[in-house]
Amino acid sequence: MRNLLFVTGVVIVALPLLSQVPAHAQEGGRGQGAAAAPQGGGGGRSVLGPVNALGQEVKRPPVPTGPAPRLPDGTVDLNGLWNGGGPVNSIAQGLPKGETLPLLPLAKQLMDLRGQPKNETDDPHLWCMPMGVPRSVPYPFRFVQNYTHKAPTHIFILHEGNIHSYRQIFMDGRKHPAELDPTWFGHSIGSYDGKDTLVIDTVGFNDKFWFDRQGTPHTEQLHTTERWTRVNEGTLRNEVTIEDPGAYSRPFMTTWMARLAAPGDEIMENICQENNQFGVAGGHENPFNK
């Protein structure tokens, strides 16, 4: 009873303070397109303490527009912490103007089913499952390349969300195996188109992840080709061609932009299970335990 009274008192004190935070600041965060708060706080102060306390907005420096940096061999340097680069709400937002998703009837039916309110918690990402490709989340990711004169054998993409996921891209000239066990991120092989663009070819996906929050589907026949180009120092373009004859009548391409994170930002620890609002405690049975 004593603990309950203490928590109630804290809430009563906090509510007037929260009411002084602008609505747009309460909605901010580290997400794509948002004014992301640097780790650890700092800067000016307000009634809530550090400027970035409780998600308050932090002014960010403008995105640098200088020339893209290069590795010792002249290849574009993709290293850095980035925000964006893929769909969040709807993959259709990345289509060329006037185009629509070429969904086959069964895929359209599945997407409509997923979109019903009773199924809104079925998104595997809400159950702490990996996001797949090319989906993005409102957390940063980091490209990790070689800095030496030797040709890289691997490139890694480290994701803060949602369970410290990572992708490995094989750069040693290997081919896709003839037989693959379906996985969330598939089997990726990379190469360069000239010195400016990293091309990532991926197959071997499972059919579990959603492309976006809308539930846009795919099958295990999915084949993605990503073309990552560093337009300038602070901007990264990702052109993704999607082929999946099991869900779409033809291949289609989507384009996404990522921006370089502010100096001092780093990937933070993110353990999804610690804040899983869709588990047994919330009255939901995990469909991925079956």
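Table for the structure above
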item: Sequence-distant aspartates and glutamates (8 or more away, or on other chains) whose Cα lies within less than 15 Å of residue 150; result: 73, 77, 172
item: Solvent exposure, largest accessible area first (probe 1.4 Å, DNA, RNA and ligands not counted), of 150, 59; result: 59, 150
item: The stretch 71-203, accessible area per residue, ligands and nucleic acids excluded (1.4 Å, Å²); result: 48 Å²
item: Lysines whose Cα lies under 26 Å from that of residue 208, excluding same-chain neighbours fewer than 8 positions away; result: 108, 118, 175, 290
item: Surface accessible to a 1.4 Å probe, residue 266 within the full protein complex, Å²; result: 90 Å²
item: Translational diffusion of the stretch 114-174, µm² s⁻¹ [Kirkwood Rh, Cα pairs; Stokes-Einstein; 37 °C; 0.692 mPa s]; result: 239 µm²/s
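The values are calculated or read from the model by the stated rules, or taken from the named source; none is laboratory data. Every value quoted in this text rests on a predicted model; they were computed, and no experiment measured them. Keep in mind that these areas ignore ligands, DNA and RNA; they rest on the heavy atoms of the full protein, side chains included. Shrake-Rupley method; radii C 1.70, N 1.55, O 1.52, S 1.80 Å.
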